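Read the figures in this text as sums done on the coordinates, not as results from a lab. Here the structure is a predicted model, which means the values were calculated and not measured. Ideal geometry is used to build each Cβ from the backbone, glycine not excepted, and the neighbour counts take in all protein chains shown.
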Amino acid sequence: MKVLDLQCANAHVFEGWFADEAAFQRQLSEGFLQCPVCASAAVHKLLSAPRINRGATPVATSAAQGAEAESGANAQADWLQRARDMVAQAEDVGERFATEARAMHEGEQRSRSIRGVASLEQARELLSDGILVMPVPPALSDTLH
């Protein structure tokens, strides 16, 4: 089993477990790998040292290095929790997303938080008309248990 540190184009760091290097390369080339934070498929491996456990005592890290790593992990976890909370509070309008978003933008409906499904073309049309939309990765609405 290979455990790899991965990073997406948006600098989110996460871990992936693969049977071997070939499995990682296959999943990467077939587009199966996505960042759990932003769903970016632009993923690459980070450099990592091999771990050989020969009974030696672990190398001590400085308090500053440990605090920096913990701070980054906490910030990412906080962002992920806040994003999940926003998704949970938004009304799911399903396939009506583009219609509902346009109606709110044009003042035909009251403004509220919504989520749903839109095609790439619908999203582009909304954005070109000045209606701010963004994709939400499945990890924000799916339970991770």
> Got a sec to turn the phi values of segment 127-134 into Karplus ³J(HN,Hα) couplings, 6.51 cos²θ - 1.76 cosθ + 1.60 with θ = phi - 60°, whole Hz, x for Gly and Pro?
Replying inline: 5, 5, 8, x, 9, 6, 9, 8
>> Let me check I've understood the local charge: for residue 45, count other residues with C-beta under 13 angstrom from its C-beta, Lys and Arg +1, Asp and Glu -1. What total comes out?
In response: -2
